[in-house]
């Protein structure tokens, strides 16, 4: 587990930036397409960094997101707890997938998360979301490789500095 | 954490059932939290405490966008700014002229109320608030504005934009407040059809910018194109504020009630400024009126108007 000594700082910064990107203002047309940044960052750190592997991490991050974005307390938490659970369950397999297969796994995880959110949104008595809503996971997968490379590079640099 | 971390890769089978148990625990916890939050019980207090944490974060995230906004203002094209200023000046003049007429009507109204011995209208004041440059989840039906408790905002104050009613103040922090939109499925607003004086209640439809009217009698006098205004029942919203236009009325034979759909007047897209109606202006008024001078009243009226 040499991967784990990758910078604690990089983890904190990436989570902070993810939060910022989540509530960053976007034009109304793009708002529904916003990738689920925190989920992508959690997936990266879980798979590659060997961090954020506890359900409690997902729960805490989710609650923070709920407070920040004004959703029901527990909505994002539920999604992230299930995400972390699934990641942990299939971690050994997903880690050694070729990149395109890994991206597919990410897409499935994000879609699953959307289904959970859809369920909660519908229970609250909201209207069915527009079809663009389902494009957000696709956007997430499009962002995924770049995020992966960026965080990998940052982590490697942080490790090089610490040695 | 680290000692548990190291135990994760080994002993998978034994670990798995405990993981399932923990997953169930967290899922139940989330469900309980969501239910309480939805029902609006004690989680309310947890929530308002947690937004105290969120407020500095919101401010931190907003700061760069605010800076970008001021920079682009600074470098905005001079001629464009001049044109905008001219347009605004023209607009202001028109509004002033209209206000002069309204002032006269208000005085007349006061006299008539005096004659009728009716209760005096509460002195209302407006506070302009700006939307924070942050996007909350579209399904939260909330907006964040940049004024809070320290600027006199209170829970329940109505919020308007230049076209109509937007919602009401839902949660107040030190320097920001969240506004619940009329379109929230939890929100109900007493309204009146302007044409037929029919009173009913408009519920949020959960779709942005839309209300639904579900308890209309079958023979209710309501048509597509009718304007809904606030009826003032319930005492929270001032009567007569424009709210929405009816866009669809359905009367299904055999059902007990007719239904209608209405589109909000307020346009949230592109709007950056909103008005909050505060009614605690009375004390300030008294102070300013303690300088009695016959000539200054005219001036003051103009100041109030502008």
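Observations on the structure shown:
- Helix-only mean residue ellipticity at 222 nm for chain A, each DSSP H run of n ≥ 4 adding -39500 (n - 2.57), per residue, nearest 500: -24000 deg cm²/dmol
- Summary of the geometry: the stretch A:107-163 and the stretch B:64-122, compared by the centres of their Cα atoms, lie 44 Å apart.
- Of the peptides B:65-71, B:86-92, the ranking by mean beta-carbon count within 10 Å, highest at the top, reads B:65-71, B:86-92.
- Judged by the mean number of other Cβ atoms found within 10 Å, the most tightly packed of the peptides B:23-31, B:75-83, B:49-57 leads the ranking B:23-31, B:49-57, B:75-83.
- Note that the stretch A:23-74, at 4 °C in a medium of 1.567 mPa s, gets a Stokes-Einstein diffusion coefficient of 105 µm²/s from its Kirkwood radius over C-alpha pairs.
- Per residue, the convex hull volume that the Cα atoms of the stretch A:10-138 enclose (Å³): 106 Å³
- Shielding by other protein chains, B:183-192, mean Cβ within 10 Å: 1
- For the stretch B:36-183, relative contact order (Cα pairs under 8 Å, six or more residues apart, normalised by length) works out to 17 percent.
- Paired Rg and Dmax values of the stretch A:76-163, which use every Cα atom, in angstrom: 16.0, 54
- Relative contact order (percent, whole number), the stretch A:1-103, Cα cutoff 8 Å, 6+ residue spacing: 24 percent
- For the stretch B:33-112, the Rg and Dmax computed from alpha carbons only, in angstrom: 23.6, 55
- Nearest-0.05 FRET efficiency for residue A:96 and residue B:236, computed from C-beta distance (R0 51 Å): 0.25
- Coarse-grained scattering of the stretch A:118-163 at q = 0.17 Å⁻¹, given as base-10 log I(q)/I(0) from a Debye sum over alpha-carbon atoms: -0.65
- Look at the stretch B:23-33: the mean tally of other chain Cβ atoms within 10 Å of its residues' Cβ atoms is 6.
- In terms of surrounding Cβ atoms within a 10 Å radius of their Cβ, B:201, B:229 rank from fewest to most as B:201, B:229.
- Between residue B:106 and residue B:31, full extension at 0.36 nm per residue minus the direct alpha carbon distance yields a gain of 21.7 nm.
- Taking every Cα-Cα distance in the protein assembly as shown and sorting them into 20 Å bins starting at zero, the pair-distance distribution P(r) comes out as 19, 47, 26, 8, 0 percent.
- Least to most buried among B:250, A:71, A:22, B:35 (fewest other Cβ within 10 Å first): B:250, B:35, A:22, A:71
- Spacing of the two label points (7 Å from each Cα toward its C-beta) at residue B:70 and residue B:218, in nm: 6.4 nm
- Value of relative contact order over the stretch B:78-164, rounded to a whole percent, pairs C-alpha under 8 Å and six or more apart: 14 percent
- Peptide A:122-131 has a mean shielding of 5, counted as Cβ atoms of other protein chains within 10 Å of each residue's Cβ.
- Counting beta carbons within 10 Å around each of B:172, A:115, A:138, B:243 and listing the fewest first gives the order A:115, A:138, B:172, B:243.
Quick note: the coordinates plus some simple rules give every number you see, no bench work behind them. All values derive from a computational prediction rather than experimental measurement. Cβ atoms come from the backbone with ideal geometry, glycine included; neighbour counts cover every protein chain shown.
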